[in-house]
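Visitor: First, the structure itself, so that you have it in front of you.
Nothing in this text is a laboratory measurement; each read-out follows from the coordinates by a stated rule. Note that the coordinates shown come from a computational prediction; the quantities given were computed from them, not determined experimentally. Cβ atoms come from the backbone with ideal geometry, glycine included; neighbour counts cover every protein chain shown.
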Amino acid sequence: MSKKLRLEIVTPDRIVYSDDISSLVVRAVDGDIGILYNHAPLIATLKEWPAKLNMLDGTSRFISIAAGFIEVKHNKITILTPAAEVPEEIDYDRAMAAKERAEKRLAQKKEVDVQRAEAALHRALARLNTIKYSSEK
């Protein structure tokens, strides 16, 4: 019997990923979580950050996660997120422009919706880091 986990990353629009992996690392609100075979049941809230998928062939893959929730049960992992992107779908220039816009908004001392600007910044950083980590393989 192989020690594999079934991972599904689901957004309101589509299933972004559905396949077997050997392990997963995601960023929860209280720190990074590593999921291995036979992990205890878990439900956690996720932050915006690239999920690191360790594949069965020993390689790694990264998928940008825009917050959400993770459930682990019986070697099946489900991530529910408002948005998720594989590196090939991410437009680097657009993500960089979004990051710069959010940073400018946060630097202003005027009436700024800080939570909204911070969320935009975190989403942009998740996308940019997904590209960065994917190219470092």
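Visitor: Return the calculated 222 nm mean residue ellipticity for the chain, to the nearest 500 deg cm²/dmol, obtained by summing -39500 (n - 2.57) across DSSP H runs with n ≥ 4 and dividing by the residue count.
Guide: Here the helix-only value at 222 nm equals -9500 deg cm²/dmol.
Visitor: Classify region 21-137: rounded, prolate or oblate, from the alpha-carbon gyration tensor (a ≥ b ≥ c, eigenvalue square roots; a/c under 1.5 rounded; otherwise prolate if a/b is larger than b/c)?
Guide: Oblate.
Visitor: Restricting the count to DSSP beta bridges whose residues both fall in the chain, what percent are antiparallel, rounded to a multiple of 5?
Guide: 85 percent
Visitor: Which shape class applies to region 5-85: rounded if a/c is under 1.5, otherwise prolate when a/b exceeds b/c and oblate if not, where a ≥ b ≥ c are the square roots of the Cα gyration tensor eigenvalues?
Guide: Taking the square roots of the gyration eigenvalues as a ≥ b ≥ c, region 5-85 is rounded.
Visitor: Charges at C-beta only: +1 for Lys and Arg, -1 for Asp and Glu. How large is the resulting dipole of region 5-85 about its Cα centre, in Debye rounded to 20?
Guide: 100 debye
Visitor: Okay, next question. For ALA40 and LYS76 in the same chain, what is the full-extension length gain: residue separation times 0.36 nm, less their Cα-Cα distance, in nm?
Guide: 11.9 nm
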